[in-house]
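Report on the following structure.
No lab work stands behind these numbers, since they all come straight from the coordinates. This is a predicted model, so every value here is computed, not measured. Because the Cβ atoms are built from the backbone with ideal geometry, glycine has one as well, and the counts that use them run over all protein chains shown.
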Amino acid sequence: MSSTSTIQYHYVLTLQRPLPRGGLDVTTWSATVDLVADVSRQEAYAEIRASIAQGDPGWVSANVLHWSLEPNALPAPGTPAAPWAPYVPPTQHPTGTPSAYLPQQRG
């Protein structure tokens, strides 16, 4: 029998649903979950949503206000906190061409 490696993730999920007599119910869940190493974010999201709805079916069709999923381990001291490149303002972009998706600076 082969063992499947898992990674512990921390998630934060905030959902909003209407209350029967008016108003809104907003609740945030924050916990860890062990997922197999090759699971997709969509699969993790669906699994977490299903576990919440299993506890209270009223959350099945709730609106998502916030969703975050990250490995629970913190980086060792001296290593970069994020694997992506730092933000480069449009005026300092190495290509010299500002991104159309970022706010432009005006003089």
Kirkwood Rh in Å, taken over the range 6-73 so that all alpha-carbon pairs contribute:
12.7 Å
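Can you list the equivalent-ellipsoid semi-axes of the range 40-81, largest first and in whole Å, using the square root of 5 times each Cα gyration tensor eigenvalue?
Values: eigenvalues 178, 21, 16 Å².
For the range 40-81, the semi-axes come out at 30, 10, 9 Å.
With a 10 Å Cβ neighbour count serving as the proxy for reagent exposure, in which order, fewest first, do Asp38, Asp25 appear? Walk me through the intermediate numbers first.
Working: Asp38 9, Asp25 13.
Result, fewest neighbours first: Asp38, Asp25.
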For Arg41, Arg17, Arg49, which order do you get if you count the other beta carbons within 10 Å of each Cβ and list the fewest first?
Arg41, Arg17, Arg49
I want the local charge near Ile7. Using Cβ-Cβ distances under 12 Å, sum +1 for each Lys or Arg and -1 for each Asp or Glu among the other residues.
-3
